[in-house]
1. Those residues that are among the β-branched types (Val, Ile, Thr), in a loop (DSSP other than H, G, I, E, B) and under 21 Å from Leu270 (Cα atoms), I need them from the stretch 61-114; list them, please.
2. Restricting to the stretch 115-151, give me the number of residues that are among the charged types (D, E, K, R) and in a strand (DSSP E or B).
3. Can you pull out every residue in the stretch 119-141 that is of a type in the set (A, V, I, L, M), touching a residue at least 24 places away in the same chain (Cβ under 8 Å) and surrounded by fewer than 20 Cβ atoms within 10 Å (Cβ to Cβ)?
4. Residues in the stretch 203-224 that are over 20 Å from Val183 (Cβ atoms) and surrounded by 10 or more Cβ atoms within 10 Å (Cβ to Cβ): how many?
5. Show me the helices (runs of 4 or more DSSP H) found entirely inside the stretch 155-256 where at least 1 residues are free of Cβ contacts under 8 Å to residues at least 40 places away in the same chain and more than 30 Å from Val118 (Cβ to Cβ).
6. Looking only at residues in the stretch 81-112 that are among the polar types (S, T, N, Q) and surrounded by 24 or more Cβ atoms within 10 Å (Cβ to Cβ), which one is nearest to the chain's Cα centre (by Cα)?
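All of the numbers you see were taken from the coordinates with simple rules; none came from a lab. Since we're looking at a predicted model, the values are computed, not measured. Reconstructed Cβ throughout: ideal geometry from the backbone, glycine too, with neighbour counts over all protein chains shown.
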Amino acid sequence: MTNTTSSFPCIAFIGGGNMASAIIGGLIRQGLPAGQIDVVEPFEPSRAALRERLGIAAQPAPTAALARAGLVVWAVKPQMFKEAAAPAAPHVGGALQLSVMAGIRAGDIATATGSARVVRCMPNTPALVGQGMTGLFAAPAVTAADRALAERVIATTGDYLWVEREKLLDAVTALSGSGPAYVFFFLEAMQQAGTELGLSPEQARRLAVGTFLGGSALAKDSPEPLATLRERVTSKGGTTYAGLTVMREKGMGETFVAAMKAAAQRAQELGDEFGR
């Protein structure tokens, strides 16, 4: 998708950490002037980072200036949402609310902000390098224009998809939201194995990362099932077969599925704990 910023409204970010910085950076790269972006960030080191990296003069607390925003991006930790929303709510009720918080449900965001126009999204950390994968859900009051605006904002950080039921965002959180950590965990293990087999750490890391990049690119571009792609690399009695046999014996597939179900459960619990 080609993005233009000519019709973007002013955008306010409540929270100026990594994910907010990724979205702000993407918007600025697309040509949105820094003067159209307001950020509320209570922590001075984060405000300093925004000034130095992106030229954004963030404020430590909400002010009436937030009222100019047509879009408000909620990028605080879920446990901080109620505290952050209370002083901002008098100024943001007329805006579209875009949440990147795990777990906090659209109804609770609407209650806290005074706006029923809520889009929830779950991005991931590759957004920092423009390779993010984001799932989005729109509350019933969200218009087609609101959806288009949310898409244009998120598209500056990578790819996205919409889900039709809010509960599915828990699954998105488990797969793509938490997924980069699983990738890094697997890469760490591959690097360790490479060094134990005699490669230098640098060689092992380069081989591991390059293999993930290439495998992911092949999976993305191929219409074939993932199982078919795996089978094409696996000759009976060969080296890949030997490695996969050990993984199956150790229950790695079942372990990964269980891990993602645990992450989805925790996302649901966050909504229970920090919503109403």
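1. Val76, Val100, Ile104
2. 1
3. Scanning the stretch 119-141 gives Leu128, Ala139, Ala141.
4. Going through the stretch 203-224 one residue at a time, the tally reaches 1.
5. Per the criteria, 179-196, 201-221, 226-233, 239-249.
6. Filtering the stretch 81-112 for residues that are among the polar types (S, T, N, Q) and surrounded by 24 or more Cβ atoms within 10 Å (Cβ to Cβ), the one nearest to the chain's Cα centre (by Cα) comes out as Ser99.
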